[in-house]
Amino acid sequence: MKVHHLPSRETFTHLKDASKKGLHASERAVGRSVNEARLMASLAVGLLLVGFLLVAQWRGAATFTRSLDRQSDQNLAIIIQEIAAENNALRGEIVRLQMRLMETGMESEDRSRVLNEAAKEMQAVRLVSGLDAVSGPGIVVAISDPERVLLPQDFVRLVHELRAGGAEAIAVNGTRVSATSGFAGGDGSIIINDVVFSRTYEVSVVGDPDNLAQALELPGGLRSTLLTFPGVNVEISPAEEVRVAAGLHGEFVYAQKVENP
Amino acid sequence: MLVLALALALGITLGLLTNVSVPLGMLTYLGVAVLAAIDACFGGVKASLEGTFDDKVFISGFLTSTLMAAFIVFVGDRIGVRELYLAAVVAFGMRIFENLGSVRRLMFARWGWE
């Protein structure tokens, strides 16, 4: 009969010890790794915070060193001096720029004033020299000469009388009588500015209608003289609006302007 | 150790990215608090090398020393002893260097350089 040897108590104990040991070792290992992880995690969080705070502190300190609170009295005095000097320089600059602005403004004002005056003068000169058509109150003198007895000198006299009466612009049959105009002709026709007229003449005059009419209607004046010629009739009618055409621009060939007379 | 260096770098990067700046009035308080935090971290490293690290101790130490440090400076400001922050700075500075020395020695011991 085979005898079964049961494992002795020692063997069990041994096995149990071994398993127990093994278990403990793994448990310890697990415990250690858990512990290690917690250690690392908490330290890592701490260091993360430290890094973050360090940077924040660094920034704050940088602004603090730059701030004026931090400067020594000497530095502050120097800073104040520098700022005062800069301030003065800037004030000077402001004054300089303001003066320049004023000068420029005056200059442009002057220039525009001169230009305005020049334009006005130009306008006056153009009016006087008959370069512009004008209109205004005045008189219209209608002269009919069916017998063709009138001479150029009659018209010269007419123009003189009108100018003496304050005529500002004169035209004969639409031809402007300007400073350079002359009367020529004869034999019953009149030539003004190279234009020939005869028989009927309409003289438009801009000026004070009363004065002009008076200048012609004076006793022994031009009108009465003209009326003594055979067939000649003179009608003087004042008008609210007389239009006088523009004259031609004459070219000076011989006359030169004299500088500094 | 690599993890810790990475954590520090990450904290610095976060600080740079978020562009936070401590207001002037808080500068001293936070400065001392940062010193306390550095001290706590060195203490934690030392403890971990010694094998006596306990996360509860570390976290509570970290929080209380930072808060207390700032509080001491605050109190100093309030009671007219503005130099009180010097005491905190000196204390934490000394502890930081002590811990650093211990860490160095423990590292040598671990790597067998002794």
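The conditions are (1) over 21 Å from A:Leu43 (Cβ atoms); (2) hydrophobic (A, V, I, L, M, F, W, C); (3) surrounded by fewer than 18 Cβ atoms within 10 Å (Cβ to Cβ); (4) at pLDDT below 90, and B:Ile59 fails exactly one of them. Which is it?
So the condition that B:Ile59 fails would be (1).
Could you run through the stretch A:224-261 and say how many residues are surrounded by 10 or more Cβ atoms within 10 Å (Cβ to Cβ) and either under 50 Å from the mean Cα position of the chain (by Cα) or part of a loop (DSSP other than H, G, I, E, B) (or both)?
15
Scan the stretch B:25-42 and report the pairs whose first residue is more than 7 Å from chain A (Cβ to nearest Cβ) and whose second residue is among the basic types (Lys, Arg), with Cβ atoms within less than 7 Å and a gap of 6+ or a chain change.
Going by the 7 Å Cβ cut-off, the qualifying pairs are B:Asp39/B:Arg95.
What's the number of the condition B:Thr13 fails, among (1) assigned to a helix (DSSP H, G or I); (2) surrounded by 17 or more Cβ atoms within 10 Å (Cβ to Cβ)?
(2)
If you take the residues of the stretch B:43-56 that are more than 8 Å from chain A (Cβ to nearest Cβ) and not in a loop (DSSP other than H, G, I, E, B), which of them is surrounded by the most Cβ atoms within 10 Å (Cβ to Cβ)?
The selected residue is B:Gly43.
The values are calculated or read from the model by the stated rules, or taken from the named source; none is laboratory data. All values reported here derive from a predicted model rather than from experimental measurement. Using ideal geometry, Cβ is built from the backbone for each residue, glycine included, and neighbour counts are taken over all protein chains shown.
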